[in-house]
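The values are calculated or read from the model by the stated rules, or taken from the named source; none is laboratory data. Everything numeric here is computed off the predicted structure, so don't read it as measured data. Neighbour counts are summed over all protein chains in view; Cβ atoms, including those assigned to glycine, are modelled from backbone coordinates with ideal geometry. Accessible surface areas use protein heavy atoms only, side chains included; no ligands, DNA or RNA. Shrake-Rupley method; radii C 1.70, N 1.55, O 1.52, S 1.80 Å.
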Amino acid sequence: MSDLEAPLRPKRKKGIADFLVQFRWILVVFVVLPISLTIYFLIYLGDVKSDMKSYKKRQKEHDENVKKVVKRLKERNPSKDGLVCTARKPWIAVGMRNVDYKRARHFEVDLSAFCNILDIDKDRMIAKVEPLVNMGQISRATCPMNLSLAVVAELDDLTVGGLINGYGIEGSSHIYGLFSDTVVAYEIVLADGQVVRATKDNEYKDLFYAIPWSQGTLGLLVSAEIKLIPIKEYMKLTYKPVVSNLREIAQAYADSFAPRDGDQDNQAKVPDFVEGMIYTSTEAVFMTGRYASKEEAKKKGNVINSVGWWFKPWFYQHAATALKRGEFTEYIPTREYYHRHTRSLYWEGKLILPFGDQFWFRFLFGWMMPPKVSLLKATQGEAIRNYYHQNHVIQDMLVPLYKVGDALEWQHREMEVYPLWLCPHRLYKLPYKTMVYPEPGFEHHRRQGDTSYAQMYTDVGVYYAPGPILRGEVFDGAEAVRKLEQWLIENGGFQPQYAVSELSEKNFWRMFDADLYEKCRKKYKAVGTFMSVYYKSKKGRKTEKEVQEAEQAQLEPAYAEVDQPID
């Protein structure tokens, strides 16, 4: 058997959950889609209502809501109330993990009012927003001004708070880093009710660097000031097909945005946007984009493709046409490009609605897409939820650029999921060693894509049913995720915690660095008030004993010795 050949597996016996999943489209078409459309419309009306208010009035309402949060925190009785978390229902979050910590005793703080854009400061090039502002909302407000967040995550429903406290990336991250790297200030309510503004150079600079990836366990985020950049009306997008083995595909991907001469900061050599999609173990398409004016886009001979129309082919399928037609270039309206994967939820929509990509469905019902992820989660039930955990993969592997080939081969051998999504991002060398960090000494190697101040990483997005499942074979989803986590630990990679995690606590702190996080937990009195990040990420329902132990405010050392075996 070759290194890339997947192991032989026995056939899998189907059960009632397979039947429920196969015909789930009935519930999605007749229940989830209509309700989703209604919710989207109501949200839009709420955004319009908010936009009609002056920035001054929005800020006044914000300040009043912050006072309510402070009051609520001070009402908590540490001796009998549970640990603090938001009042958001578990199924509302876009992430795939179970949010099992909300099934145990806890103390809720309602942040549902924090969904407004507080200010668009064109002089400072800063957007001040509340944590429940989503990407669709903010791009709708900024794009008409020819402004944008430096990093705009692709799906409309992703919120600022989730992208900061968790993980956020886009095709511009090879320039600007992760979403949290574009934040210039956080407004945080601490455990004692104190409201602070943390920046990289004020007295709360340690907290500023500790917030990303902390999952809201250091304090409650109530607003953020985020970097804006100037943009143009269109994205000039070039699709380049690659047909080869996975190693050569990985190299072609790196070459699409990382000059081999190391001139990574040269705007003439580095595109504004980069994205890759690998359709099989031998076929991929890489897209590079540059902002373009409407005058350029509308020149004779140029092709404009408004991918946002409901009847248009799903973007990943449109990109795949490059494998037959060869390299081509077109112009896409910028905001439609930002949200190109929203309608089809990347390619997950194909599993949810097997006929959703057909022309007849797109033309007649495509305007109702996409189904809200929160409603999909709310209507799936325990049996389907467990089925997806076992027979489906939604994971991201954040790996150094030079190890992308290794990651692709490992994924093919162990999971065989296609399509795959590739998106590069910088991982900065910061004044503090944060939870995620570049490899020690990376700046001395100066590998392709690296600079003296940042190492180039790549998100290998693994979202779909594994090959064995599609062939009707046995597949152990939990064991596959454990192997993925072990591979990441051994290869300097990271696993975003929006996904289902099988990590033990020791392995969690082998993957992530605990030093700054622990110091801030102690310094800002989060211990015993807010849940720890591992407590929130851990899979499985929390027992009363676990709740009590977490409330005792005893912080166990999170470090795991390097020479200890991986569980």
Nitroxide proxy distance, nm - points 7 Å out along Cα→Cβ at Val474 and Asp265: 5.5 nm
Aspartates and glutamates with Cα under 18 Å of Lys324, excluding same-chain neighbours fewer than 8 positions away: Glu283
Amide H partners (placed H, <5 Å) of Ala292, local residues excluded: Lys232, Glu233, Tyr234, Met235, Lys236
Length added when fully stretched, Ala87-Lys205, from 0.36 nm per residue minus Cα-Cα: 39.7 nm
Segment 233-334: relative contact order in percent, alpha carbon pairs under 8 Å with at least 6 residues between: 43 percent
Pairs from Lys53/Lys294; Lys240/Lys269; Lys433/Lys525 whose Cα-Cα separation, in the structure shown, is over 27 Å: Lys53/Lys294
Difference of contour (0.36 nm per residue) and Cα-Cα distance, Ser54 to Thr321: 91.5 nm
Under 5 Å, built H, 5+ apart or other chain: amide partners of Leu147: Ile231
Excluding exposed DSSP-loop GluC sites (Glu not before Pro) (at most 12 other C-beta within 10 Å), longest clean stretch of the chain: 328-560
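In terms of the Cα gyration tensor, with a ≥ b ≥ c the square roots of its eigenvalues, is segment 402-462 rounded because a/c is under 1.5, prolate because a/b exceeds b/c, or oblate?
Details: a/c = 2.59, a/b = 2.10, b/c = 1.23.
It is prolate, given that a/c is not under 1.5 and a/b is the larger ratio.
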Per-residue HN-Hα couplings for segment 40-49 [Karplus 6.51, -1.76, 1.60; θ = phi - 60°; Hz; x = Gly/Pro]: 4, 5, 5, 4, 4, 4, x, 5, 4, 4
Under Karplus coefficients 6.51, -1.76 and 1.60, residue-wise ³J(HN,Hα) of segment 233-238 in Hz, glycine/proline x: 6, 10, 10, 7, 10, 10
Net charge contributed by nearby residues that have their C-beta within less than 9 Å of Asp119 (K/R +1, D/E -1): 0
Three-way shape label, segment 374-506, alpha-carbon gyration tensor, a/c 1.5: prolate
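Just the number please: accessible area per residue for the chain, 1.4 Å probe, all protein chains included, in Å².
Values: 24470 Å² over 567 residues.
With all protein chains present, the chain gives 43 Å² per residue.
Could you size up the charge dipole of the chain around its Cα centre, putting +1 on the beta carbon of Lys and Arg and -1 on that of Asp and Glu, and report it in debye to the nearest 20?
Values: 78 positive and 72 negative charges, 354 e Å.
Dipole size: approximately 1700 debye.
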Interchain or long-range residues, amide H under 5 Å from Thr458's placed H: Val399, Leu401, His425
Reach of Lys377 by Cα under 24 Å, taken over lysines that are not fewer than 8 positions away in the same chain: Lys14, Lys89, Lys102, Lys350, Lys536, Lys538, Lys539, Lys542
Theoretical gain in end-to-end length, Asp255 to Phe359 [0.36 nm per residue, Cα-Cα removed]: 33.9 nm
Solvent accessible area, Å² - Val243, 1.4 Å probe, full protein context: 110 Å²
Pair Lys300, Val31: separation of 7 Å Cα→Cβ label points (nm): 5.7 nm
Total charge dipole magnitude, segment 470-530, about the Cα centre, Cβ charges on Lys, Arg, Asp, Glu only, Debye to nearest 20: 460 debye
Summed residue charge, Cβ within 9 Å of Leu228's Cβ, Lys/Arg positive, Asp/Glu negative: +2
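At 222 nm, what value in deg cm²/dmol follows for the chain if DSSP H runs of at least 4 each add -39500 (n - 2.57) and the sum is divided by all its residues, to the nearest 500? Intermediate results must be reported in sequence, preceding the final value.
Numbers: 25 runs with 193 residues, N = 567.
Value at 222 nm, helices only, nearest 500: -9000 deg cm²/dmol.
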With DNA, RNA and ligands ignored, accessible area of Arg413 (1.4 Å probe; Å², nearest 10): 70 Å²
In Hz, Karplus ³J(HN,Hα) per residue of segment 405-417 (6.51, -1.76, 1.60; θ = phi - 60°; x = Gly, Pro): x, 4, 5, 5, 5, 4, 4, 5, 6, 9, 10, 6, 9
Positive-end residue of Asn302, Val436, Trp410, charge dipole of segment 297-436 with Cβ unit charges: Asn302
Global geometry of the chain, whether rounded, prolate or oblate, following the gyration tensor of its Cα atoms and the 1.5 cut on a/c: rounded
